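Step one of this worksheet: look at the structure below.
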Amino acid sequence: MTTIDTVVIGAGHAGLAVSKLLTDAGHEHVVLDRGRIGHRWRTERWDSLHLLTPSWMTRLPGWCYRGPHPDGYLSVGSFIGYLEAYAASFGAPVVDGTTVHEVAATPGGRPARRYRVVTSRGTWHARHVVIATGPHGMPHVPAGLAGLDTSGVDLVTSNHYRNPGRLGSGGVLVVGASASGMQIADELNRAGREVTLAVGRHTRMPRRHRGLDIFWWLENTGRLARTIDEVADPVAARGETSLQLVGRDDPERSTEDLDLGRLQEQGVRLVGRLETVDGRTAHFRDDLAATVGAADANLDRLLDSLDHFVERIGLAGQLWDSPRPRPVAIGSPRRRVDLRAERIGTVLVASGYRPHHPWLRLPITDPDGAVRQHRGVTPAEGVYVVGQRFQHRRDSGQIDGARHDAAAVVAHLLAASGSPTTVAADSATGRQEPAA
């Protein structure tokens, strides 16, 4: 048994951001992770994946990308190296290979030992606990797939996908058309697989607009800084789909859009949202045209607002015009697909994640599993969370956004400890060697 002031759970970018700020404040803490630094990036991402955000946007407290390609997109391996270098820069007290089994209140415990953190490598007693396990909990598998006959069809969730060669033979039905589903469908199609893509609600986005990366626009127009208190429907805001984007390391393709129209032109078959699977027969809703039309309309409204922003700040003469993405043309998609007849050997699910904290024995979760919090402060005194989707700002669940939530949480934690310290949310100005 070990007693310590603060236990941070998770050594990804959010947990390391908290650790850096606690270290700067001279505050005693430990960072626990079931694997190594960036564990999910090592074990639950496909081989060709690159960040969706440009490298200049890979900012953490006291640290930012200083490599030769600020407008590029880091590969998974490069990003893991980035996190390892960050942790080494301030001697992050990471204890790896430590699976958390339970976080619970200590009965009758003194404030200094308020919580019990039971792990595979012993028990920690702490005054504060920071949950930094990220927004990717348990992969969501639609209920309609419960009837799938898996005796001849593999069911694979996106966190277990690595590359086309690791899948069984035959065609692939990809369920979900946000960032992961689109990228995987594209990769499988380019590898010569027959791909059917079941399309649900999605957010279409161009990689660049008027010569600038879309994230430049989202940041500079204040969209990423918008807070949960400013939106009309927080539940809907936290359920927003990821952007239909891809980051590539090929300079000739780095500015390419990845949208349904392009996939359709390349031979990917589009169908509506998956409804049910009866043995080997998949049924889809008759909603594809409406879903695609809504995404196209939302995109037009966004681009209109960006162009108005250009006019308002007087940049019209400095930025070139660019053609708008064409609306996606939808024919008459099939409502029913016989998986056996179509020789589909894999159903690959990329329909997002749901919160999952089975080890959390505190009454601070909603029925859907999400941790109740405001600006990272939960109803349990001394327990915090960082890195959740739209935790406070729209970019909270992104790598760049975690620094703001980390600063708010650490400021609150230090004040509660009786040692208030100024914590700079925007202190992402340190050095970082070029990523490998």
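The values are calculated or read from the model by the stated rules, or taken from the named source; none is laboratory data. Bear in mind the structure is a predicted one, so any value in this text is a computation, not a measurement. Heads up, the Cβs are rebuilt from the backbone with ideal geometry, glycines too, and the neighbour counts pull from every protein chain shown. In case anyone asks, the SASA skips ligands and DNA or RNA and just uses the protein heavy atoms, side chains included. Shrake-Rupley method; radii C 1.70, N 1.55, O 1.52, S 1.80 Å.
Give, as a single signed number, the net charge of other residues whose beta carbon lies under 15 Å from the beta carbon of His128, with Lys and Arg counted +1 and Asp and Glu -1. Intermediate values should be presented prior to the final figure.
Numbers: positive: Arg110, Arg113, Arg114, Arg116, Arg127; negative: Asp5, Glu28, Glu381.
The answer is +2.
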* To do: With no solvent and one equal point scatterer placed on each C-alpha of the chain, evaluate the Debye formula and give log10 I(q)/I(0) for q = 0.09, 0.10 Å⁻¹, two decimals.
  => -0.61, -0.75
* Compute the acute angle (0 to 90°) between the alpha-carbon long axis of helix 179-190 and the principal axis of greatest extent of the alpha-carbon atoms of the chain; round to the nearest 10°. => 50 degrees
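At 1.4 Å probe size, with the rest of the protein present, what percent of the exposed accessible area of the chain is carbon and sulfur atoms? Can you show the working numbers first?
Working: 9270 of 18900 Å².
Whole-percent figure for carbon plus sulfur exposure: 49.
Mind checking the dipole of the stretch 171-247: about its Cα centre, +1 per Lys or Arg Cβ, -1 per Asp or Glu Cβ, Debye to the nearest 20?
On the way: 10 positive and 9 negative charges, 49 e Å.
Approximately 240 debye in magnitude.
Using mean Cβ contacts within 10 Å as the protection proxy, how do 110-121, 403-414 order, highest first?
Packing proxy ranking, top to bottom: 403-414, 110-121.
Based on the mean of other Cβ atoms within 10 Å per residue, sort peptides 240-252, 375-387 so the most packed one is first. The partial results should precede the final answer.
On the way: 240-252: 17.1, 375-387: 22.0.
In decreasing order of mean packing, 240-252, 375-387 become 375-387, 240-252.
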* Structure fact -> Residue by residue through the stretch 141-157, the couplings from Karplus 6.51 cos²θ - 1.76 cosθ + 1.60 with θ = phi - 60°, in Hz, x for Gly and Pro, are 10, x, 4, x, 7, 4, x, 5, 7, 8, 5, x, 10, 7, 9, 10, 8
* To do: Give the peptides 30-39, 273-282 in descending order of average Cβ contacts within 10 Å, highest first.
  => 30-39, 273-282
* So how tilted is helix 13-24 from the main axis of the chain? Cα-based, degrees 0 to 90, rounded to 10. -> 20 degrees
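At 1.4 Å probe size, with every protein chain present, just tell me what the per residue accessible area of the stretch 262-305 comes to in Å². Please report the intermediate quantities before stating the final value.
Details: 1990 Å² over 44 residues.
The answer is 45 Å² per residue.
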* **Cα shape, the stretch 1-153, gyration tensor, a/c 1.5 rule** => oblate
* **Pairs of Cα atoms farther than 17 Å apart, the stretch 238-294, %** => 59 percent
* Structure fact -> At q = 0.18 Å⁻¹, the log10 of I(q)/I(0) for the stretch 180-306 from a Debye sum over equal Cα scatterers comes to -1.14
* Structure fact -> Probe 1.4 Å, all chains present, heavy atoms only: Met57 accessible area in Å², nearest 10, is 0 Å²
* Asked: Amide H of Met205: which non-local residues (sequence gap of 5 or more, or other chain) have their own amide H closer than 5 Å, using H built in the peptide plane?
  -> Gln244
* Asked: Along the Cα-to-Cβ line of Ser305, 7 Å from the Cα, sits a label point; which residues in the stretch 385-411 have backbone N less than 17 Å from it?
  -> 390, 393-396
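Cα gyration tensor of the stretch 314-359, axes a ≥ b ≥ c as square roots of the eigenvalues: rounded (a/c below 1.5), prolate (a/b > b/c) or oblate? Mind dumping the intermediate values first?
Values: a/c = 4.22, a/b = 1.50, b/c = 2.81.
The shape class here is oblate.
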* **Relative contact order %, the chain, counting alpha carbon pairs below 8 Å whose residues are six or more apart** => 25 percent
* Structure fact -> the stretch 27-117 accessible area per residue, 1.4 Å probe, protein heavy atoms, integer Å², reads 40 Å²
* So what is the accessible area of the stretch 129-214 per residue, in Å², with the probe set to 1.4 Å? -> 34 Å²
* Asked: When the helix-only estimate is applied to the chain (DSSP H runs of n ≥ 4, each -39,500 (n - 2.57), divided by the residue count), what is the mean residue ellipticity at 222 nm, nearest 500 deg cm²/dmol?
  -> -7000 deg cm²/dmol
